[in-house]
1. Within segment 1-44, which strands (runs of 3 or more DSSP E) (wholly inside it) include 3 or more residues that are of a type outside the set (S, T, N, Q), under 24 Å from Ile97 (Cβ atoms) and at pLDDT 80 or above?
2. Among the residues of segment 45-84, which ones are surrounded by fewer than 10 Cβ atoms within 10 Å (Cβ to Cβ), more than 16 Å from Ala18 (Cβ to Cβ) and at pLDDT 70 or above?
Amino acid sequence: MSIAGPIDWAGVGDTYFAMVAVPSKRLEGWSFTPRNMTSQPMVKPEKRLPDDGLGAVPTDGSHTIVYTGPKDHYLLTQAGTNLSQVVGRNIDLEGLIDLWLV
């Protein structure tokens, strides 16, 4: 699957945690391929879909910042504010929280 247009950040997450990469400059497009995988917890197997992501990364020495942590509203709001100041554009990480699942 591919996403065209400007990309501010890309990430992966589950119900409670996420990992997000925020490049200093917007990327143009992103593509990823879901892979089927079955976890073997102690109770019952669960189907999981991890992603392999491919995207162009600037080669001009600019940084990519990574947020790894809980999907806590207050932490994501603060991280988004801090990241917005560093990269010079609005970064809204609160979209990581899917309120329909709550």
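1. 2-7, 10-13, 17-23
2. Scanning segment 45-84 gives Thr59, Asp60, Gly61.
The values are calculated or read from the model by the stated rules, or taken from the named source; none is laboratory data. If you're wondering where the values come from, they're calculated on a predicted model, not measured in any experiment. Don't worry about glycine lacking a Cβ; one is built from the backbone with ideal geometry, like all the others, and counts go over all protein chains shown.
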